[in-house]
Amino acid sequence: MPTLTASASFTIGAGASTVESATVTILPALAGGTGRGRLVHPTLGTYDYEHQPDHWTNIDGDLIVPPIWASEKTLLGASNTLMTGHIRDVTVTEQWTAFATKIAHVRALLLFWQNPPDPDNGFVEWWPNYTSAQGFKVAMVGLEVGGEEVTLDWISRRHSFVTEGVILRMRIIDRVS
């Protein structure tokens, strides 16, 4: 990885010289359709998926936002309303099938899911770079292993693979700017 350096000297009145330095981590650029997926937690850091999900819902290049439909009964029939949806109405899912998911991946997802950040400090950022170059602020609202809750067995402990499917559900809060 290349190292970026910069230096400058300038005088601010009379005084002793000081040296200041900072380490900045620069992550590689994300391109749509070529990655495996990434989660960024404000306190836990960045997790790049070991492999992309086998199935995903409500995203294909951009979010798939369903329209909002409402119908109310009236005296002579019904009053129907149809309007454009909003990204806050979207729940996305990522699904990994059985024997395709390592236990380390499940444990990383568990760590992010079990430690929701304080909304005042930021949200988890989700970068589905296997299908989109955009990032989204999300609330991780569900994680299932084995069809309900988190179900593991002796094979996952001994062989480091999950024997059942993994489903991660996230609610979209906003786009990452």
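The values are calculated or read from the model by the stated rules, or taken from the named source; none is laboratory data. These numbers come from a predicted model, not from an experiment. Cβ atoms come from the backbone with ideal geometry, glycine included; neighbour counts cover every protein chain shown. Only protein heavy atoms, including side chains, enter the accessible area calculation; ligands, DNA and RNA are left aside. Shrake-Rupley method; radii C 1.70, N 1.55, O 1.52, S 1.80 Å.
Condition (residue is outside any helix (DSSP H, G or I), surrounded by 11 or more Cβ atoms within 10 Å (Cβ to Cβ) and of a type in the set (A, V, I, L, M)) applied to the range 42-58: is it met by at least one residue? Full working, then the answer.
Taking the range 42-58 as the starting set, the residues that turn out to be outside any helix (DSSP H, G or I) are 42-58.
Now narrow it down to the ones that are surrounded by 11 or more Cβ atoms within 10 Å (Cβ to Cβ): 42, 44, 46-58.
Going one step further and asking which of them are of a type in the set (A, V, I, L, M), we end up with 44.
Checked against the condition, which is being outside any helix (DSSP H, G or I), surrounded by 11 or more Cβ atoms within 10 Å (Cβ to Cβ) and of a type in the set (A, V, I, L, M), the range 42-58 yields at least one hit.
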* Structure fact -> When the range 134-149 is checked residue by residue, the ones that are open to solvent by less than 60 Å² (accessible area, probe 1.4 Å) and aliphatic (A, V, I, L, M) are Val138, Ala139, Met140, Leu143, Val145
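Please determine whether any residue of the range 113-121 is open to solvent by less than 20 Å² (accessible area, probe 1.4 Å), of a type in the set (Phe, Trp, Tyr), over 15 Å from His51 (Cα atoms) and touching a Leu at 6+ places or on another chain (Cβ under 8 Å). If you could, list the steps in order and put the result at the bottom.
As a first pass, look at the range 113-121 and keep what is open to solvent by less than 20 Å² (accessible area, probe 1.4 Å): none.
No - not one qualifying residue is present in the range 113-121.
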* Structure fact -> Residue hits (the range 58-86; under 22 Å from Gln134 (Cβ atoms) and polar (S, T, N, Q)) are Asn58, Thr84
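Residue-by-condition table, conditions (1) closer than 19 Å to Gly37 by Cβ; (2) of a type in the set (S, T, N, Q); (3) touching a His at 6+ places or on another chain (Cβ under 7 Å):
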| residue | (1), (2), (3) |
| --- | --- |
| Ile68 | no, no, no |
| Leu75 | no, no, no |
| Thr97 | yes, yes, no |
| Phe112 | yes, no, yes |
| Pro117 | yes, no, yes |
| His159 | no, no, no |
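Of the residues in the range 157-177, how many are over 14 Å from Ala104 (Cα atoms) and in contact (Cβ under 8 Å) with a residue 12 or more places away in the chain?
Initially, the range 157-177 is screened for residues over 14 Å from Ala104 (Cα atoms), giving 164-165, 167-177.
Filter once more, keeping what is in contact (Cβ under 8 Å) with a residue 12 or more places away in the chain: 164-165, 167-176.
Number satisfying all stated conditions: 12.
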* Of the numbered conditions (1) surrounded by fewer than 18 Cβ atoms within 10 Å (Cβ to Cβ); (2) under 15 Å from Arg38 (Cα atoms), Tyr130 fails exactly one; give the number of that condition. => (1)
* Please name all residue pairs, on different chains or six or more residues apart, with Cβ atoms under 7 Å, provided the first residue is in the range 53-64 and is under 12 Å from Gly37 (Cβ atoms) and the second residue is among the small types (Gly, Ala, Ser) and open to solvent by less than 60 Å² (accessible area, probe 1.4 Å). => Pro53/Gly37; Asp54/Ala100; Ile59/Ser132
